[in-house]
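Structure, as structure tokens:
Laboratory data are not the source of any read-out in this text; all were calculated from the coordinates shown. Being a predicted model, the structure only gives us computed values, none of them experimental. Neighbour counts are summed over all protein chains in view; Cβ atoms, including those assigned to glycine, are modelled from backbone coordinates with ideal geometry.
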Amino acid sequence: MTRLPTSPCPCGSGRSYKRCCLRLHQGAPAASPEALMRSRYAAYAVGAVDYLIATCDPEGPHFRSDRAAWAEEIAQFCRHTRFTKLSVRSSSETGDRGEVEFFAKLARAGEDVSFAERSRFRRVEGRWLYTDGDLLEPSA
């Protein structure tokens, strides 16, 4: 999962990883819900487990108090999943709330495990956090 900074960013922006999501993975705040969602997809692709945990809303249903077990679960998912393509379908932001609808093309053990989701985000102290999401029909 090691990625050279000059490689294309996994989020599909067309920029290099260094000029795109790497700076967010190193602590810069995401400017929008879409930027956070793209950076989280890239974090899964490169195995940036700490970033995924740090950008999950502590008030959301996915937050886990057992950080070590949560980190291992995410790391296993990252190791065993191939992240092929991200397509953002829509993005909106109203005040400190946002939504992003996307399609993520993934494979695990040679099987397609792609999915579409409408994700919800909230801004807390100037930083966007992933709250939760609803799975959608892949063609929706």
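Residues whose amide H lies under 5 Å from that of LEU106, counting only those 5 or more places away or on a different chain, are THR84, VAL113, SER114, PHE115; hydrogens are built 1.01 Å from N in the peptide plane.
The Cβ shell under 10 Å around SER119 holds other residues with a net charge of -3, Lys and Arg each +1, Asp and Glu each -1. Per-residue Cβ neighbour counts within 10 Å put ASP96, ASP57 in the sequence ASP96, ASP57, beginning with the fewest. Take the alpha carbon gyration tensor of the chain, find the square roots of its eigenvalues, order them as a ≥ b ≥ c, and report rounded if a/c is under 1.5; if not, report prolate when a/b exceeds b/c, else oblate. Rounded is the answer for the chain, as its axis ratio a/c remains below 1.5.
Out of all DSSP beta bridges in segment 21-136, what portion is antiparallel? Express it as a percent rounded to 5. The answer is about 95 percent antiparallel. Site pair LYS85 and HIS62 shows an inter-label distance of 2.2 nm when each label is modelled 7 Å from Cα along Cα→Cβ. Between ALA71 and THR94, the contour length at 0.36 nm per residue exceeds the Cα-Cα span by 5.2 nm. In the chain, the sites counted are GluC sites (Glu not before Pro) in DSSP loop states with at most 11 other Cβ atoms within 10 Å, and the longest stretch holding none of them, exclusive of the sites, is 60-124. Around the Cα centre of the chain, unit charges on the Cβ atoms of Lys, Arg, Asp and Glu (plus for the first two, minus for the last two) sum to a dipole of about 720 debye. 3J(HN,Hα) along segment 111-116: 10, 6, 10, 5, 7, 10 Hz, from the Karplus curve 6.51 cos²θ - 1.76 cosθ + 1.60 with θ = phi - 60°, whole Hz, x for Gly and Pro.
When the charge dipole of segment 4-70 is built from unit charges on Cβ atoms (+1 for Lys and Arg, -1 for Asp and Glu) and taken about the Cα centre, the candidate among ALA31, SER7, ALA69 whose Cα reaches farthest toward its positive end is SER7.
Think of it as helices only: each DSSP H run of n ≥ 4 in the chain is worth -39500 (n - 2.57), and spread over all residues that comes to -8000 deg cm²/dmol at 222 nm.
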